[in-house]
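Here's the structure, in structure tokens; my notes come after.
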There are 2 protein chains.
Amino acid sequence: MALIKVLEKVLDANDKIAADNRRFFAEKKIVAVNLMSGPGAGKTTVLEKTLPPLVRKFPAAVIEGDIATTADAERIAALDVPVVQINTDKLGGACHLEALGIQTALAELPLDGVRYLFVENVGNLVCPAEFDLGETLKVGVLSVTEGEDKPVKYPLLFRVIDLLLLTKVDLLPHLRLDLDRLLANVRSVNAGLRVVRFSAVTGEGLAEWLEWLEGHAPAR
Amino acid sequence: MALIKVLEKVLDANDKIAADNRRFFAEKKIVAVNLMSGPGAGKTTVLEKTLPPLVRKFPAAVIEGDIATTADAERIAALDVPVVQINTDKLGGACHLEALGIQTALAELPLDGVRYLFVENVGNLVCPAEFDLGETLKVGVLSVTEGEDKPVKYPLLFRVIDLLLLTKVDLLPHLRLDLDRLLANVRSVNAGLRVVRFSAVTGEGLAEWLEWLEGHAPAR
């Protein structure tokens, strides 16, 4: 019983701080995009392809979440995009980001004029989906190499996201993947979910993804 | 402060039950193998390839851990191997297995004569590594499609495992993967770790993996 009480308290605190973050993003007219996936689905690579064309029109910033290393933040910094790395060993949960980590990171970022803030969550299909960060949009990233069954095995994540990027589609000819079954599994947990086929190798899907992002830009 | 106390209590309870499980496996002369990986690395496929040749010599059983669905248990049952599915929504942690879940599942399995028990953990590179199940061996499964950086980004898992199965190596010709860097990253967190290259498509590595398993069979 004591355990349940403590967990409720933690969740409430997160929800309160997430609401603060949401208000902050609305006031600053920033679209905050929370990218969630299992390990190695290609979130950082998606950002590496997304940021150069996006920042030509709209300034952007990135918060990177990882248990350890600054490897992803270095890949973003190489694009001249402001980035803060959260190592969850030290702040927030170990296997996911929490709203307090985002709030702390926001204070470290130059946000003047920024219109898109990407949050790359810890690579994990479970816990990140449970924690509101106050973000504007939740985006799932799933690699076609992960098999057909992930949407039904990790239903919460696929239920809460606003868009699914299906990555590494250039590998489809080399995989024994039943793509129709994968898409049917997506639909079984989130009937209307938009799915964008994406390949960092061929460039497939990049224009569609950018268009979707720009469609969510708040009026200034 | 209250939260820290509660977490300590939970961890202690798990360690106590894990010790009970370890004693049980030693008495019954069962090798319990805890398979851990991110989502879609191929744990169930590894079992589908491992069990048919293994059970011709040694009876085996399987405990499947998933948040939702019995999809993996059905794939094991199709091989005529006894299997219990744990759906973590109802028992133990949501994003990992705990020792109590294993103990509960053991009571449901016909274990007479069984020498290998495989535990397929929830697909997650973070939390499963933190919880002792009382297993004999911890095995990591990493797909070459997940990139070079996973060992340094999820160091605990790669530090605690006894062997790493590097899966989907048949895809290497189609990937931009620096295999040497991946192996150097593995060594940087666990210098002596044995790595077995594995492909369910070509059969590469299956004999080496079976030999390693059989080398850990307890004398009867």
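The values are calculated or read from the model by the stated rules, or taken from the named source; none is laboratory data. From a predicted model like this one, the values you see are computed outputs, not experimental measurements. Glycine gets a Cβ as well: all are built from the backbone with ideal geometry, and neighbour counts include every protein chain shown.
When the range B:187-220 is limited to residues that are hydrophobic (A, V, I, L, M, F, W, C) and within 14 Å of chain A (Cβ to nearest Cβ), the one that is surrounded by the fewest Cβ atoms within 10 Å (Cβ to Cβ) turns out to be B:201.
Counting only residues that are within 7 Å of residue A:185 (Cβ to Cβ), within 9 Å of chain B (Cβ to nearest Cβ) and not acidic (Asp, Glu), the range A:143-157 holds 1 of them. Scanning for something farther than 23 Å from residue A:66 by Cβ, in contact (Cβ under 8 Å) with a residue 12 or more places away in the chain and away from every other protein chain (no Cβ under 12 Å), does the range B:164-172 turn up at least one residue? The answer is yes, given that some residue of the range B:164-172 is farther than 23 Å from residue A:66 by Cβ, in contact (Cβ under 8 Å) with a residue 12 or more places away in the chain and away from every other protein chain (no Cβ under 12 Å).
Yes/no matrix, rows are residues, columns are (1) within 14 Å of chain B (Cβ to nearest Cβ); (2) of a type in the set (Lys, Arg); (3) under 19 Å from residue A:132 (Cβ atoms); (4) free of Cβ contacts under 8 Å to residues at least 24 places away in the same chain:
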| residue | (1), (2), (3), (4) |
| --- | --- |
| A:79 | no, no, no, no |
| A:85 | yes, no, no, yes |
| A:101 | no, no, yes, no |
| A:105 | no, no, yes, no |
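Against the list (1) farther than 30 Å from residue A:13 by Cβ; (2) within 11 Å of chain B (Cβ to nearest Cβ); (3) among the charged types (D, E, K, R), the condition residue A:180 fails is (2).
Within the range B:37-60, the residues that satisfy the criterion of being more than 12 Å from chain A (Cβ to nearest Cβ) and in contact with a helix residue (DSSP H, G or I) (Cβ under 9 Å, 6 or more places away or on another chain) are B:46, B:47, B:48, B:49, B:50, B:51, B:53, B:54, B:57, B:58, B:60.
Matching residues to (1) surrounded by 23 or more Cβ atoms within 10 Å (Cβ to Cβ); (2) under 30 Å from residue A:153 (Cα atoms); (3) within 14 Å of the chain's Cα centre (by Cα); (4) not β-branched (Val, Ile, Thr):
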| site | (1), (2), (3), (4) |
| --- | --- |
| A:57 | no, no, no, yes |
| A:61 | yes, no, yes, yes |
| A:109 | no, no, no, yes |
| A:122 | yes, yes, yes, no |
| A:129 | no, yes, yes, yes |
| A:133 | yes, yes, yes, yes |
| A:139 | yes, yes, yes, no |
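Considering the range A:90-202, the qualifying helices (runs of 4 or more DSSP H), each wholly inside and each with 3 or more residues that are within 25 Å of residue A:28 (Cβ to Cβ), run over A:99-106. Would you confirm whether or not the range A:72-82 contains a residue that is part of a loop (DSSP other than H, G, I, E, B) and within 23 Å of residue A:161 (Cα to Cα)? No, that holds for no residue.
Please verify whether the range B:24-44 includes one or more residues that are modelled with pLDDT under 95 and exposed (fewer than 14 other Cβ atoms within 10 Å of the Cβ). For the range B:24-44, residues modelled with pLDDT under 95 and exposed (fewer than 14 other Cβ atoms within 10 Å of the Cβ): absent.
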